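All remarks here apply to the structure that follows.
The values are calculated or read from the model by the stated rules, or taken from the named source; none is laboratory data. Everything quoted here is computed from the prediction, not taken from an experiment. Because the Cβ atoms are built from the backbone with ideal geometry, glycine has one as well, and the counts that use them run over all protein chains shown. The protein model used for the area step is the full one, side chains on, heavy atoms only, and it has no ligands, DNA or RNA in it. Shrake-Rupley method; radii C 1.70, N 1.55, O 1.52, S 1.80 Å.
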Amino acid sequence: MAETTATLERGGVQVDGGVLMRLAGATRDRVRVRFGYARPGGEPAERDVEPSGLVATGRRWYLLAWDTARDDWRTFRVDRIGDVTVTTWRCGRPPHPDPAAYVHSSVTASPYRFVATARVALPLDEVRELLGPQTARAEPDPEPGWTRIVAGADDLEWVVLRLAEIDAPVELLDPPGLRTAAATLAERLGRMAGG
C-alpha cells in the first residue's frame with residue numbers, strides 16, 4: 001500500500017479493503033485491472049485500466065489509471081469500484097509522474113461547471129491549511145505574500161461564500177461572473193441585515 005498511495009488529507013469515506021489491496025497490488029506489479037464501476041448517476045460500467053496510483057483525499061480514495069478504452073488518464077472513486085479482476089497483462093504506459101497532483105486537479109476543478117480563480121493576501125501554506133485539498137487548489141502567486149486559489153463549483157455564490165470565510169484581503173479574478181455573484185450576494189446580505 002505505501003508504495004502505491006499518496007495522501008492529500010486523512011479520514012473520510014470507507015472503502016472495501018479487499019478492493020483497495022487488489023488495486024494497490026496491481027499498481028505495484030504494473031498489471032492491468034478490470035472492474036465494474038458505478039457512474040455518478042448510478043449506472044454500471046465496465047473498465048479496463050492500467051493503474052498508476054491510489055490517492056486518499058480525506059473524504060475519498062481515488063485510483064488514477066490509464067483507461068484503455070478512452071485512451072486517456074482517468075480518476076476513479078474507489079468506493080464506486082467493484083468486482084476487481086487483476087490480470088497478468090503488463091501495463092504499456094509508464095506510471096503517471098504525479099498521481100496526487102492529477103487527482104487533486106481532477107477533484108477540485110474539472111468536474112464542475114465553473115472554475116473560479118482568486119488571490120488572497122496570505123502565505124501559501126496558510127491557505128492550504130485553511131482550504132483543505134478537496135475544496136480548492138492553492139498555488140504560488142507572482143506577488144510575494146499572496147496565494148492564488150483555483151476552485152471548481154457549480155454555483156459561483158458558493159465560491160464567494162467560501163472565500164468570504166478567509167480573514168484576509170481577497171481579489172476575485174475569473175470568471176467575470178464571480179464578481180457578479182459577489183455583488184448579488186452582498187446585496188442580498190445587505191437586505192437581510194436591514195441595510
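Numbers at a glance
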| read-out | value |
| --- | --- |
| Residue selected from segment 151-195 under the condition in a loop (DSSP other than H, G, I, E, B) and of a type in the set (Asp, Glu), by the criterion most open to solvent (accessible area, probe 1.4 Å) | Asp167 |
| Number of the exception - Thr27 against (1) in contact with an Asp or Glu (Cβ under 6 Å, 6 or more places away or on another chain); (2) part of a helix (DSSP H, G or I); (3) under 20 Å from Ser106 (Cβ atoms) | (1) |
| Of all residues making up segment 103-138, the number that are part of a helix (DSSP H, G or I), open to solvent by 30 Å² or more (accessible area, probe 1.4 Å) and either in contact with a Gly (Cβ under 6 Å, 6 or more places away or on another chain) or modelled with pLDDT of 80 or more (or both) | 6 |
| Scope segment 78-101; condition assigned to a strand (DSSP E or B) and open to solvent by less than 60 Å² (accessible area, probe 1.4 Å); matching residues | Ile81, Gly82, Val84, Thr87 |
| Residue in segment 15-25 that is open to solvent by 30 Å² or more (accessible area, probe 1.4 Å) and under 20 Å from Tyr102 (Cα atoms) present | no |
| Glu43 touching a Cys at 6+ places or on another chain (Cβ under 9 Å) and more than 30 Å from Ala168 (Cα to Cα) | no |
